[in-house]
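The values are calculated or read from the model by the stated rules, or taken from the named source; none is laboratory data. All values reported here derive from a predicted model rather than from experimental measurement. Cβ coordinates were reconstructed from backbone atoms using ideal geometry, including for glycine residues, and neighbour counts include every protein chain displayed. The accessibility values were calculated without ligands, DNA or RNA, using every heavy atom of the protein model including side chains. Shrake-Rupley method; radii C 1.70, N 1.55, O 1.52, S 1.80 Å.
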Amino acid sequence: MRKEVILITGANGEIGHGLIEHLGKSGEANIIAIDVQPIDEALLPYCERFIQGDILDNMLLGRLVAEFDIRTIFHLASILSTKAEYNPEAAHKVNVEGTLNLLRLAVDQSSWQGRAVKFLYPSSIAAYGLLSLEKKNEAGKVKEWEWNTPITMYGCNKLYCEHLGRYYSYHYRQLAADQVKNTVDFRCLRFPGLISSVTIPTGGTSDYGPEMLHAAAQGKPYKCFVRPDARLPFMVMPDAIKSLLLLENAPKENLKHLVYNVTSFSPTAEEIYQRVKKAFPQADISFEPHLARQKIVDTWPADVDDSAACRDWGWKPDYDEERAFNDYLIPSIRARYSKRPASSALN
Ligand code: AKB
């Protein structure tokens, strides 16, 4: 008998960390985790198996198909927006070819199991591209189908992979005489910037939020790379995990869309700074905008409309801005760094 498992790619990334810890603690699933980097040892006890390997390695993925019954794939591995701009073709390879490989794996799995494999895909506000700061300020809560003109490689990759998800769900091999339907049950969330008390993101453009907070808690100076008035939607990690699991468990017939916005609160960088400064009055934070990264933030919406997620699968964040900082981020970040010797308090 093949064991029923869930597969998590990008296991050592920020969302992977939160998801494995949550699912591991609940004991609800056998987790097969993949990452190109070694996994944080604290996550190992929660995994049925950890594989250090590359999602571009089809031999590796083929072995997984043969060995396990994969019920759900959480495909979290990707190269984020800032890092992707330094090597766009490499980012395209990981973000698009990697996703294609996992979609193909879902089809193969489905033919073993005779049922659709759920494919949970985190897309991003980077899939949007507002044409100017003026448009951004006028736009209000942006809906899923508006402003789908991203200016980053990462944003283009996310938007295209959303389309691939739709193709694999409804139209895969549509001209084949032996076309099999309902092999992939693709479900996608467009995440805002995420903030975790446990991990610090690398390579993103919304990273100034978490970086400012973690630097202040460690007593390190921080130069914020966007203007004080830069505004983006954010969400804390427990809500990101909640949204992924709510969407995974939603009855298929309730889902009117494949792609859903989710969000929680939309502070400016100045408002994040004020909250951080209140919690850590000694914090040494200055604003030194990096013009190219600022330009990317200026094309991302200040807020998104998540009413479809609320309506179709009961989405509601547990943390508004006040609770996010006062009940989650500040106390757990403070506890985290007070336990560690200063020399090891980097990540
Ligand atoms: C990034 O900044 O690239 C990510 C994202 C908004 O998807 N955090």
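For region 133-181, what does the accessible surface come to per residue with a 1.4 Å probe? Please give it in Å².
Value returned for region 133-181: 63 Å² of accessible area per residue.
With every protein chain left in place, what is the accessible area per residue of region 43-121 in square angstrom, probe 1.4 Å?
45 Å²
Rounded, prolate or oblate, given the Cα gyration tensor of region 271-313, with a/c below 1.5 counting as rounded?
Cα axes put region 271-313 in the oblate bin.
Quick one: helix 208-217 against the long Cα principal axis of the chain, what's the angle to the nearest 10°, folded into 0 to 90?
That helix lies at roughly 60 degrees to the long axis.
Can you tell me the orientation of helix 153-170 relative to the chain, as the angle in degrees between its alpha-carbon axis and the longest Cα principal axis, to the nearest 10?
Orientation of helix 153-170: about 30 degrees from the principal axis.
Taking a 29 Å limit on the Cα-Cα distance, which of the listed pairs K83/K339; K83/K141; K3/K143; K3/K158; K93/K220; K223/K295 fall beyond it?
Where the Cα-Cα span goes over 29 Å, the pairs concerned are K83/K339; K3/K143; K3/K158; K93/K220.
Tell me whether region 219-276 comes out rounded, prolate or oblate; compute the Cα gyration tensor, take square roots of the eigenvalues as a ≥ b ≥ c, and use a/c under 1.5 as the rounded threshold.
Prolate, since a/c reaches 1.5 and a/b exceeds b/c.
Using a Cα-Cα cut-off of under 16 Å, which lysines could be cross-linked to K25, ignoring same-chain neighbours fewer than 8 residues away?
Within the straight-line cut-off, K25 pairs with K242.
Expressed as a rounded percentage, what relative contact order does region 1-158 have, with Cα pairs under 8 Å and six or more residues apart?
Taking the mean separation of contacting Cα pairs over the length of region 1-158, I get 23 percent.
DSSP beta bridges in the chain, what fraction antiparallel, as a percent rounded to 5? Could you put the intermediate results ahead of the total?
Details: 2 of 39 bridges.
About 5 percent, rounded to the nearest 5.
Let me have the relative contact order for the chain, percent, based on Cα pairs under 8 Å that are six or more residues apart. If you can, show how the numbers build up before the last one.
Details: 652 pairs, mean separation 61.2, N = 347.
Computed value for the chain: 18 percent relative contact order.
Can you list the HN-Hα couplings for region 122-138, worked out from phi with the Karplus curve (6.51, -1.76, 1.60; θ = phi - 60°), rounded to whole Hz and with x for Gly and Pro?
The phi angles translate into x, 8, 7, 4, 5, 5, 8, x, 7, 6, 7, 4, 4, 5, 4, 5, 7 Hz.
Please determine, in degrees from 0 to 90 and to the nearest 10, the orientation of helix 269-279 with respect to the longest principal axis defined by the Cα atoms of the chain, where the helix direction is its Cα long axis.
70 degrees
With just the Cα atoms defining each centre, how far is region 137-181 from region 19-69? Give it in Å.
Result: 26 Å between the Cα centres.
As a test of reading the structure, rank S124, S132, S338 by solvent-accessible area (1.4 Å probe, protein chains only), most first. If you can, show how the numbers build up before the last one.
Working: S124 10, S132 45, S338 95 Å².
The most accessible residue leads, giving S338, S132, S124.
Given axes a ≥ b ≥ c from the Cα gyration tensor, I'd like to know whether region 1-157 is rounded (a/c under 1.5), prolate (a/b larger than b/c) or oblate.
Prolate is the answer for region 1-157, as a/c is 1.5 or above and a/b outweighs b/c.
With a cap of 16 neighbouring Cβ atoms within 10 Å, and only residues DSSP puts in a loop, list the GluC sites (Glu not before Pro) found in region 23-118.
Passing both the DSSP loop test and the Cβ count: E28, E48.
Could you report the accessible area of S266 in Å², rounded to 10, computed with a 1.4 Å probe on the protein chains as they sit in the structure?
Probe radius 1.4 Å; accessible area of S266 about 30 Å².
Roll a 1.4 angstrom probe over the protein heavy atoms and tell me the percent of accessible area of region 107-249 that is carbon or sulfur.
C and S atoms contribute 55 percent here.
Leaving out ligands, DNA and RNA but keeping every protein chain, what accessible area does D229 have, in Å² rounded to the nearest 10, with a 1.4 Å probe?
Near enough 90 Å² of accessible area.
Per residue of region 298-303, in order, report the coupling 6.51 cos²θ - 1.76 cosθ + 1.60 (Karplus, θ = phi - 60°) as ³J(HN,Hα) in whole Hz, putting x for Gly and Pro.
So the J values, rounded to whole Hz, are 5, 8, 8, x, 6, 7.
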